[in-house]
Amino acid sequence: VIIFLSYNPRTRFLDVISIPRDTRISLKGVAIRRITQLYAYTYKKTKSHKAAADSVRNKIQELLGVDIPYYAQIDYNGFKNFIDVIGGVKIKVNYPMDYDDNWGNLHIHFSTGVHFLNGQKALEYIRYRKGDRGDLDRILRQQSFIREIMNKVKKPNVIIGFPKIAKILYRNIHTNIS
């Protein structure tokens, strides 16, 4: 998931732009065609999460024509642990979601209706990419999911758990924010 966040503290306006993983890019002399490949390519070459995240950030800056001073990247385990520590997330599934990738050990199965997702199920939900509109449907699901998380983290029982949340994020996040 690649998300560009812009926050203006004076107006208290938060803008969230989802960048499709299949966004076409080109790099001189490199056979990379999608932005999602850039992180893996740079990480494999440098063995550095910072260098990989910087390469994606630089490409997004180029695509959007804006300066992006900060980035944060969280891995799957950190995401799952974060969702678990906030007590899960309630999501409404509008159509059956079924996908099996035995090679990648990814199995996603949701019936229609309201589901209460723990960390593992939440990861499956946001990774699901099948459907009539592919990545567009996934982006809309991810944005809805983020709204649910934002509503959830405002609740007193989650705020009380902030030390646990901070510990999980510290262990599982790669960022240039000091």
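When only residues in segment 1-38 that are at pLDDT 90 or above and assigned to a helix (DSSP H, G or I) count, which is surrounded by the most Cβ atoms within 10 Å (Cβ to Cβ)? Step by step, filter segment 1-38, then rank; the result is L38. Residues in segment 49-83 that are touching a Lys or Arg at 6+ places or on another chain (Cβ under 9 Å), within 22 Å of I159 (Cα to Cα) and among the aliphatic types (A, V, I, L, M): I83 alone. The listed residues are I168, I108, I177, I83, and the only one of them that is farther than 21 Å from P20 by Cα, touching a residue at least 12 places away in the same chain (Cβ under 8 Å) and open to solvent by less than 20 Å² (accessible area, probe 1.4 Å) turns out to be I83.
Quick check on this structure: which one of Y70, Y43 is in contact (Cβ under 8 Å) with a residue 24 or more places away in the chain, open to solvent by 70 Å² or more (accessible area, probe 1.4 Å) and among the aromatic types (F, W, Y)?
Values: Y43 fails: in contact (Cβ under 8 Å) with a residue 24 or more places away in the chain.
None of the other options fit; the residue is Y70.
Within segment 126-143, the set of residues being loosely packed, with under 13 Cβ neighbours inside 10 Å, more than 11 Å from P20 (Cα to Cα) and either touching a residue at least 60 places away in the same chain (Cβ under 8 Å) or not basic (K, R) (or both) comprises just one member, D132.
Which of the residues belonging to segment 141-164 are at pLDDT below 85 and within 17 Å of the chain's Cα centre (by Cα)?
Initially, segment 141-164 is screened for residues at pLDDT below 85, giving 153-162.
V153, the sole residue that qualifies.
Assuming F116 fulfils every condition listed in (1) outside any helix (DSSP H, G or I); (2) under 18 Å from V1 (Cβ atoms) apart from one, which condition is it? Single failed check for F116: (2).
Here K90 fulfils each of the conditions (1) at pLDDT below 90; (2) in a strand (DSSP E or B); (3) charged (D, E, K, R) apart from (1).
The values are calculated or read from the model by the stated rules, or taken from the named source; none is laboratory data. It should be emphasised that the depicted structure is a prediction, and the values quoted were computed from it without experimental measurement. Counting neighbours? That spans all protein chains shown, and the Cβs are built from the backbone with ideal geometry, glycine included. SASA here: full protein model, heavy atoms, side chains in, ligands and nucleic acids out. Shrake-Rupley method; radii C 1.70, N 1.55, O 1.52, S 1.80 Å.
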